[in-house]
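Peer 1: Mind having a look at this structure? Questions to follow.
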Amino acid sequence: MALFEIFDPKAPPHPIGIDLGTTNSLVAYVKNERPVAVADCDLETLVPSVVAYLPNGDVVVGRRAVRLAAEHPRDTIVSAKRFMGRGSDDPETRRLGPYEFAEPAAGEANTVRFKVAGSRVVTPVEVSAEILRALKAQAEDALRNVGGAVVTVPAYFDDAQRQATKDAARLAGLEVLRLLNEPTAAALAYGLEKRTNGTFAVYDLGGGTFDVTILLLDDGVFQVRSTGGDSQLGGDDMDRALARELLAALGFDEQRQTPQLIRLVLDEARRAKHALTTLDEVEAEVPGQKRVKITRARFEELIRPLLERTGLACRRALKDAGHKPADIDGVILVGGATRVPAVRRYVAELFGKEPLADIDPDQVVALGAAVQADLLAGQGRTDDVLLLDVIPLSLGIEVGGGVVDKVLPRNSTTPCVARATYTTQEDKQTGFEIHVVQGEREMVADNRSLARFTLKGIPPMPAGMARLEVALHVDADGLLSVHAKELTTAIEQTVTVKPSYGLDDATVEKMLLDALDHGEEDLAVRRLAEGRVDASRIVAAARKGLQADGDLLEAGERARIEAACDALDEASRGDEPSRIRARIDALDDATKAFAARRMNRAIARAIEGKSLDRVEKSVEHAKGVEEAHAR
Amino acid sequence: MDPFATLGISPSFDVDLAAVEKTHRELSRALHPDRYLGASASERRSALLKAVEVNEAWGVVRDPIRRAESLLALRGVAMGEGHEPKSAPEFLMEMLEQREALSEARQARDAAAVHRMAAQAEARSREVERALSEGFARGEAASPADLAGLAGKVGELRFYRRLLDEVSAIEDELAA
Amino acid sequence: METSSQTQGDKPQAKAPSLSVSPAAVDAIARQMKKRGTPEASLRLGIRGGGCSGFTYVIEFHDAPPHARDRVLDYVASDGAKVRVVVDPKSLLYLDGTVLEWEQTLMRHGFKFANPNEKTGCGCGSSFGV
């Protein structure tokens, strides 16, 4: 019998952490300073990342959808995360499952779209949004009032994939506090509970992605030193390797393989893989077929090439961080596939030490995300923990001859901006094509194209006279925007480009309206709720500032700020979003000068702290010199 | 922008990277956008601009090439793509030969040769870095000709960097 | 607004659907109201759609005056504090005869709905069907 606590409608909403995984997803929150995963009615925390679209229009998510997969293989989307941010013409796309794809119409963005339940067309973003919506509902059942969410992504996700993830979360009606790299989340879960400093490797072998991250933990600052991995490698590949073996053993050649059969064999392969974690030998049994014996040794042989691919990425990440395996103080295991004993052995061999695995490798990412959500929502110890992320791949711009000009080198700390200036090649050229690519190679063709657009309307000038400044901005979530302007003309032009596969704000808004039963009405309710959440955060921050740095206030300033806080408090008790927004702006105005003074103080302290250290050191050094002389 | 000033150190090629990294972390702790989620829009904006500046400064200072370019820029020498001084003919020759050797090793899938080239290029870039360190240590005494010489060294360093990037891409290719 | 004034342990008025709150639960409510700094607030009980079995219980602070059709139950805690419990009429149909109890052990504490109308429960026990 469950016990209830009194729910307080005036209490701030619970921030949540979500691990949107390839195979499984889950949601967690912080309860009494400890992260816990939210369980459903059957006490299960993992929600399979599977969405089934039924002919009657119903959408089913999770374990029920898994049961429908064998019967409706084309209408049940498994591992949708693998398709996030992918083009439909990408050769990988076709390899990834038994799905039917809708061809993009002329002029339409080249995004993967699944054809399901007859005529329905859905994108991976929409499929992911269904999973996130189910997680949100599960959290609401447990917590009622759910606040902002931290959603995790593989560290290796590129910009388009991050954008797609954020779009899915917004589509599910979640306020995204931050996108967080999965391995960083895992380290957060471990670091906070164990209070360890050092250099760590996070080895994350999930269902569909492999990531390795080298992290430095020092005085509460988690810094990603380097990331590497393979977004096309995971436990699913183990299942596939085993399934190929089964199909061959059962005598099926490629012509006789139907989607239903492949699905059944894959399911059996997965069961066999799980069983081989503890057993030395299992018998796989595909319904209606003879039994096939598989030994653990054979399974380990089959997956050896996959493990070696992870080893290559690990060595590369170590090299990027300037470390040798021996420098690593600990290895954190993440992802269900790290339960496979051969994986643990391989990791121990690679790094020369037993990996850490005390937190459930399926939950650790969501638990870390919950900790981060709690911190960001201002309920945790904000002053103790900070994550510094880096961009995983260099960003560059195509210059003459198909060569890449690297503008932002990989492993730059975010948020960051880089500018580069170019000029026109021809007389009277009025358009300038800007092509942004991601990757380490010299030639454009060897890298991934992220965004391509033309800056138009440049006044005709002789070649080489125009000065075009292109700025690449990457925010703390790792999302890119590109701005371009011509510097010599009085007219400044700025173009912001959304990455090729993301959705623009208008599209998301429209999809949201379509998804909601009472579109406009619900949107107004959401705006009010969001306004109130923002207002309470901003007022709290302002009051905290008054308390912390009161000595920086000028005459009359405190009274002005306090009045603005009270006015905003009053507005958020009302129900007009526009009035709340106006008073947020007014408080913003009132605190502007004070905030600038506070920031300067914080900067001065940060630099001073370190220069003091150095002064002390040089004094010590000088003392040593004197003593040496005295001798 | 003077990245050295942003990080509270005096401009020099020889920097204590560990100490600067600590300063960068402290500054990030004060300025990172995560700290300002509850702050007003204008405060968030100005913190973001500062955080970007600090990250940019750290990116410059920790990278020998960008650090050298920045030191030269502070002394009035224009740097960056398109401003490199003409390389010495013998260096150009060496560049072409190395490129050719690398592409041959790639064709032949000769991983050992690729590793050898990487080791050579790494040793050469360390030499160039030492030369830069000595050159910049001469400080104010450096003549415009000295500075032009240093700018040339930066060009060499950039070449080795590109070569090493290509080598590691080819290593991945050969290992796959 | 229907009001039925009761002291602890009194039977509700005959026939009309009602629920009751155990003395220990009344004391627990009073403590939590005090801790929250709102001794004047009411406690709202009810049901809402949700959970795996169709319905789940509502137990929350209610700061405004009772709604027009709410059933209002007034209690007095053992320290003399006044405790007001409100229930909307629709929920009351499903909660008829329910006793709100307070359970406190070394391991856990919280409120419990002892509801004779509950037909199906679920694993987690926070959802039910009627």
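Peer 1: Got a sec? Which strands (runs of 3 or more DSSP E) wholly within region A:1-55 have at least 3 residues that are aliphatic (A, V, I, L, M)?
Peer 2: Answer list for region A:1-55: A:24-31, A:50-53.
Peer 1: Would you check which residues across region A:262-296 are of a type in the set (A, V, I, L, M, F, W, C) and free of Cβ contacts under 8 Å to residues at least 12 places away in the same chain and list them?
Peer 2: A:275, the sole residue that qualifies.
Peer 1: Now for a different question. If you go through region C:45-66, how many residues are more than 9 Å from chain A (Cβ to nearest Cβ) and surrounded by 14 or more Cβ atoms within 10 Å (Cβ to Cβ)?
Peer 2: The number of residues fulfilling the criteria is 6.
Peer 1: If you go through region A:61-68 one residue at a time, do you hit one that is out of contact with any Leu (no Cβ under 6 Å at 6 or more places or on another chain), more than 14 Å from chain C (Cβ to nearest Cβ), part of a loop (DSSP other than H, G, I, E, B) and at pLDDT 85 or above?
Peer 2: Checked against the condition, which is being out of contact with any Leu (no Cβ under 6 Å at 6 or more places or on another chain), more than 14 Å from chain C (Cβ to nearest Cβ), part of a loop (DSSP other than H, G, I, E, B) and at pLDDT 85 or above, region A:61-68 yields no hits at all.
Peer 1: Looking at region A:131-160 only, could you name the residues that are assigned to a helix (DSSP H, G or I), charged (D, E, K, R) and surrounded by fewer than 21 Cβ atoms within 10 Å (Cβ to Cβ)?
Peer 2: Passing the criteria: A:133, A:136, A:140, A:141.
Peer 1: I would also like to ask the following. Give region A:420-445 a look and list any residue that's at negative phi, surrounded by 15 or more Cβ atoms within 10 Å (Cβ to Cβ) and within 13 Å of chain B (Cβ to nearest Cβ), or say none. Don't jump to the end; show me each part of the working.
Peer 2: Applying the first criterion (at negative phi) to region A:420-445 yields A:420-427, A:429-438, A:440-445.
Now narrow it down to the ones that are surrounded by 15 or more Cβ atoms within 10 Å (Cβ to Cβ): A:420, A:422-424, A:429-430, A:432, A:434-438, A:440-442, A:444.
Within region A:420-445, A:420, A:422, A:423, A:440, A:441, A:442 meet the criteria.
Peer 1: For a quick check of your reading of the model, give me the residue pairs whose first member lies in region B:156-176 and is within 10 Å of chain A (Cβ to nearest Cβ), whose second is outside any helix (DSSP H, G or I), with beta-carbon atoms closer than 7 Å and at least 6 apart or on different chains.
Peer 2: That search, which allows pairs on different chains as well, returns B:162/A:442; B:165/A:440; B:166/A:442; B:169/A:440; B:169/A:441.
Peer 1: With respect to residue B:73, is the statement that it is farther than 30 Å from residue A:540 by Cα, small (Gly, Ala, Ser), modelled with pLDDT under 80 and surrounded by fewer than 21 Cβ atoms within 10 Å (Cβ to Cβ) true?
Peer 2: So residue B:73 does not fit the description; no.
Peer 1: Only one of these is more than 10 Å from the chain's Cα centre (by Cα) and not in a loop (DSSP other than H, G, I, E, B): C:80, C:110, C:97. Name it.
Peer 2: Step by step, each of C:80, C:110, C:97 is checked, and only C:110 is more than 10 Å from the chain's Cα centre (by Cα) and not in a loop (DSSP other than H, G, I, E, B).
Peer 1: Turning to a different aspect of this structure: Yes or no: region A:308-317 includes at least one residue that is assigned by TED's automatic domain parsing to the domain that holds residue A:207, more than 19 Å from residue A:279 (Cβ to Cβ), in contact (Cβ under 8 Å) with a residue 12 or more places away in the chain and of a type in the set (A, V, I, L, M).
Peer 2: Scanning region A:308-317, I find at least one residue that is assigned by TED's automatic domain parsing to the domain that holds residue A:207, more than 19 Å from residue A:279 (Cβ to Cβ), in contact (Cβ under 8 Å) with a residue 12 or more places away in the chain and of a type in the set (A, V, I, L, M), so the answer is yes.
Peer 1: Picking from B:39, B:19, B:30, which residue would you name as being within 8 Å of chain A (Cβ to nearest Cβ) and not in a helix (DSSP H, G or I)? Please lay out each step first, then the result.
Peer 2: Values: B:19 fails: not in a helix (DSSP H, G or I); B:30 fails: not in a helix (DSSP H, G or I).
Going through B:39, B:19, B:30 in turn, just one is within 8 Å of chain A (Cβ to nearest Cβ) and not in a helix (DSSP H, G or I): B:39.
Peer 1: Mind telling me which of the residues B:114, B:52, B:60 ends up being modelled with pLDDT of 90 or more and within 23 Å of residue A:404 (Cα to Cα)?
Peer 2: Going through B:114, B:52, B:60 in turn, the sole match is B:60.
Peer 1: Looking at region A:1-18, which of the residues that are more than 7 Å from chain C (Cβ to nearest Cβ) and in contact with a helix residue (DSSP H, G or I) (Cβ under 8 Å, 6 or more places away or on another chain) is surrounded by the most Cβ atoms within 10 Å (Cβ to Cβ)?
Peer 2: Taking the candidates together, the pick is A:17.
The values are calculated or read from the model by the stated rules, or taken from the named source; none is laboratory data. The structure displayed is predicted, hence computed values, not measured ones. Because the Cβ atoms are built from the backbone with ideal geometry, glycine has one as well, and the counts that use them run over all protein chains shown.
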